[in-house]
1. With respect to the numbered conditions (1) closer than 22 Å to Y22 by Cα; (2) assigned to a loop (DSSP other than H, G, I, E, B), which one is the sole condition not fulfilled by E111?
2. Take segment 123-169 and flag every residue that is part of a loop (DSSP other than H, G, I, E, B), surrounded by 16 or more Cβ atoms within 10 Å (Cβ to Cβ) and in contact (Cβ under 8 Å) with a residue 60 or more places away in the chain.
3. In segment 115-146, what residues are small (G, A, S) and over 21 Å from E4 (Cβ atoms)?
4. Could you identify the single residue in M179, M207 that is of a type outside the set (V, I, T), more than 24 Å from R81 (Cα to Cα) and modelled with pLDDT of 95 or more?
5. Just give me the residues in segment 25-61 being of a type outside the set (S, T, N, Q) and under 19 Å from L73 (Cα atoms), in sequence order.
Amino acid sequence: MPIEILTVCTGNIVRSPLSELYLRLLLADLPVEVASAGTQPRPGEAMTEHACEIAAELGIPAAEIEAHQAKRLSEPVLAGRDLVLAMTRAHRKAVVELDPSLLRKAFTILEFARLSRHVTDAEIHEAATDAGNDPRARFQAALARVLSVRGTVDAPADPAEDDVLDPAGRSWNTYETSMSQLLPAVEEVARVIRSALVSRRAIAELMPPAPGDSLSPQLHALRDDERF
């Protein structure tokens, strides 16, 4: 069975759909399904114009961008999720209030990235290998390995540092700040999942880091865009 991931924000028109679509793109070759929802959406609303432009810059197919329609976070939407990535602490709280069983599977996306950066590809792969061949079991083992560092990694001095800025209705500069938080975190989530499901040799071939550079080509393109 595929790994089921949900991303959550407020309106489901910028942060969570961009996370959904980008993560889906990065993991297109793996048994992973990604969806998104909002805590206060206008059901059926499309992504913002700026969000659509960013998605296109990331290489997301136009058909997927145009198909997005905002939907509301609910218990049925949360059912069966292996990982829920909230954009803020308030969104995570809403998730856990709806489904307390997700307490150890729900994170702000920045918290997840902050923790997982302390776990190597080899450590993730080793934990997953011990879990056998089922993708969900392998991911659950990887998630447990990430959770294991929670007590050893310093929390930010300001808890708000675990929140992704909401750029909806705001300037391009605000979008730049938000994307500089969000996109590296999405890439870190993808690294964990790929490390859990793919051989270490394949990881090195599929996700080679640029020398001295942790930014993806997609993020470089956005950073260099003159509009930002």
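The values are calculated or read from the model by the stated rules, or taken from the named source; none is laboratory data. On a predicted model such as this, the values are computed, not experimentally measured, just so you know. Because the Cβ atoms are built from the backbone with ideal geometry, glycine has one as well, and the counts that use them run over all protein chains shown.
1. Looking at each condition in turn, E111 falls short on (2).
2. First pass over segment 123-169, keeping only residues part of a loop (DSSP other than H, G, I, E, B): 130-134, 148-158, 163-169.
Subset that is surrounded by 16 or more Cβ atoms within 10 Å (Cβ to Cβ): 131, 163-168.
Across segment 123-169, the qualifying residues are D163, V164, D166, P167, A168.
3. Within segment 115-146, the first condition is being small (G, A, S), and the residues that meet it are 116, 122, 127-128, 131-132, 137, 141-142, 144.
Across segment 115-146, the qualifying residue is only A122.
4. On the way: M207 fails: modelled with pLDDT of 95 or more.
The unique qualifying residue is M179.
5. Here is the first cut: in segment 25-61, the ones of a type outside the set (S, T, N, Q) are 25-35, 37-38, 41-47, 49-61.
If the condition is that a residue be of a type outside the set (S, T, N, Q) and under 19 Å from L73 (Cα atoms), then E33, V34, A35, A37, G38, P41, R42, P43, G44, E45, A46, M47 are the ones that fit.
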